[in-house]
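Let me begin by presenting the structure, written as structure tokens, before commenting on it.
The values are calculated or read from the model by the stated rules, or taken from the named source; none is laboratory data. Keep in mind the model is a prediction, meaning the values are calculated, not measured. Note that we place each Cβ from the backbone using ideal geometry, even for glycine, and neighbour counts take in every protein chain shown.
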Amino acid sequence: MRFIENIEKEGSLVSYFLKETFIWKYYGVMMLLVVLSVIANLSFSYGFSEILSGNRQAAESISLIFLVFAGGKLSYTVCRFAYSQITLQLKMELKKRYSEKITGNLLVADYAWTVEQRGGDLIGKSCEDVDCTAEAMAVYLPKLFKSAGLLAFNAIYLSGYHLILGAAFVLPLPFLFFSEWKGREITRQYLHNSTAVLSERNAVFQDLVSHHDLITHTSAQEKMLSRMEEVNERYAKIFGRTMGALVGWMSPAILLNKVPLLLIGIWGSVLAGQDRISAAAFLSAFLFTYAFNEELADLDDFMANFPTLEVFMERVKELIDCPKQKSGRLETFYEYHPVICFEKVFFCYHDSTVFEQLSFQVKAGEKVLLLGKNGSGKTTVLKLICGIYQPSAGRVRVCGEAPETYSLTGMRQILSYVSAEPVLWEGTLRDNLTCGKVIEEEKIIKALCAFDFYSAFPDRGAQDILEYLVKDNGENLSGGQRERIGLARAWLSGTPVILLDEATNSLDQSGEKKIIQFLCDSGRTVCMTTHHTELLPYFDRGIQLGDQREVAWKEENYEKNS
């Protein structure tokens with residue numbers, strides 16, 4: 001029963017990946033090369049058997065002997081070499097396609113799901129998973145189909161000479177497959193058991209690193225060492241039992257690989273001695289089987305390795321099928337007052353309530369500051385506006401519509417979200433500002449001045465700053481330089497709403513005030529979270545999330561300055 005379940009599971013995985021990325025030109029050429037290799041091997045085995053069986057005319061023909069070896073064996077070798085090269089090309093193409101598909105899906109993946117995967121194996125080991133999945137689909141799966149097809153053809157070919165030869169070839173195969181299946185089950189069980197033990201060993205290492213000072217200066221050293229010894233001993237037992245069982249089941253499988261050839265040699269000799277088949281027929285059958293006997297080894301390779309590759313394939317499938325961020329088809333937005341509206345919004349994270357009954361409105365062009373202690377939900381409010389999070393209850397509206405009714409393109413036309421760590425990629429600073437859009441040079445130069453790039457890049461002119469080469473993730477930039485790029489990018493995008501999530505934490509005080517004043521005077525709707533209370537005069541009002549009060553101070557500030 002378990003065997004059938006495993007076959008169904010592996011079959012569904014293979015079917016899934018074939019459906020996702022089936023490339024006819026590669027698989028078709030591979031099938032053609034297999035057929036050509038069969039023809040080449042047939043010509044070799046038949047011609048050589050004629051020579052060995054005493055066919056005088058054949059033996060004396062030098063040209064025939066050359067044709068048999070050159071046209072048969074050499075052609076067979078060339079076909080196998082070409083097959084291996086096509087396999088390599090297919091693997092590279094599949095890696096490319098899987099990577100592109102995963103990247104495209106992760107770009108629109110559900111934010112909450114993506115956050116849950118951070119630090120885990122699913123995304124962290126995706127490169128290794130893609131490589132192994134491509135190996136499975138480009139190397140091991142064709143091995144299975146090629147081996148099964150050639151074994152079936154060989155059985156039919158031998159039966160054409162005599163049914164006993166066909167039976168001699170087929171008879172050991174069920175025992176071989178059963179032995180291979182047992183080996184697979186042992187491997188699968190080992191993977192399951194060892195994963196738990198290795199996870200515990202990793203936990204010991206993490207405890208050792210996290211509490212190094214405490215452990216090295218107390219009696220906890222002995223406890224930690226004994227814990228590690230216990231884990232290693234358990235792993236050694238699992239490994240030892242597995243290797244013993246594998247030797248017990250896989251050794252017969254290795255021997256059974258040679259049994260079909262041995263039986264054909266024995267029965268073929270008997271049949272030839274009784275003149276029931278000709279010597280040439282016996283030699284042809286034996287040579288043909290000998291040439292393709294290595295296909296049984298390929299089948300062994302598939303049976304032994306596919307259970308391990310199956311784990312990687314499941315992870316790649318999960319990445320390809322990752323949940324998408326909820327979005328609709330609305331591509332445009334209309335002038336609407338208020339621009340942002342929260343109506344009795346509840347939000348819970350796991351079993352904890354972040355806020356409840358939150359209601360407020362932000363009108364077009366208004367500047368609102370979100371205040372509150374850490375954990376009060378300031379960032380959550382911004383992500384609810386973006387549609388990244390969904391409210392547990394209540395309604396969120398952006399320009400009169402729920403965020404999820406907009407397409408991702410439509411939402412990007414309305415909102416720009418700037419975090420404390422903006423996304424930066426390798427390229428010029430201009431590329432990181434424009435994101436590939438065509439923007440007037442005058443506007444870009446204005447952004448350099450407004451966002452204080454000249455003080456962040458001293459002794460550089462505008463063009464030198466724009467052509468400055470940024471490394472991946474902005475590794476060669478300071479925190480303030482990275483934040484300036486994120487803020488300027490949001491302004492250059494031209495969206496009517498700008499959301500700032502602690503986006504000025506690394507800026508010096510004078511630079512921060514200059515940038516915030518520019519954004520607040522730009523006519524855009526600005527919502528910002530910050531702990532810098534000196535920015536209060538630049539905003540119309542604030543929302544205190546701890547007790548959900550609305551605080552208006554701009555009028556009061558003007559009165560003090562009048």
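A few notes on this one:
- Test: residue in the stretch 162-181 that is under 31 Å from the mean Cα position of the chain (by Cα) and modelled with pLDDT under 80: yes
- With respect to the conditions (1) surrounded by fewer than 21 Cβ atoms within 10 Å (Cβ to Cβ); (2) not in a strand (DSSP E or B), Q357 lacks only one, and its number is (2).
- Taking the stretch 360-386 as the range and being part of a loop (DSSP other than H, G, I, E, B) and among the polar types (S, T, N, Q) as the test, the residues that pass are N374, S376.
- Of all the criteria given as (1) under 17 Å from V418 (Cβ atoms); (2) loosely packed, with under 14 Cβ neighbours inside 10 Å; (3) touching a Phe, Trp or Tyr at 6+ places or on another chain (Cβ under 9 Å), the one not satisfied by D464 is (1).
- Any hit, the stretch 277-293, residues being modelled with pLDDT of 70 or more, more than 29 Å from V14 (Cβ to Cβ) and not in a helix (DSSP H, G or I): yes
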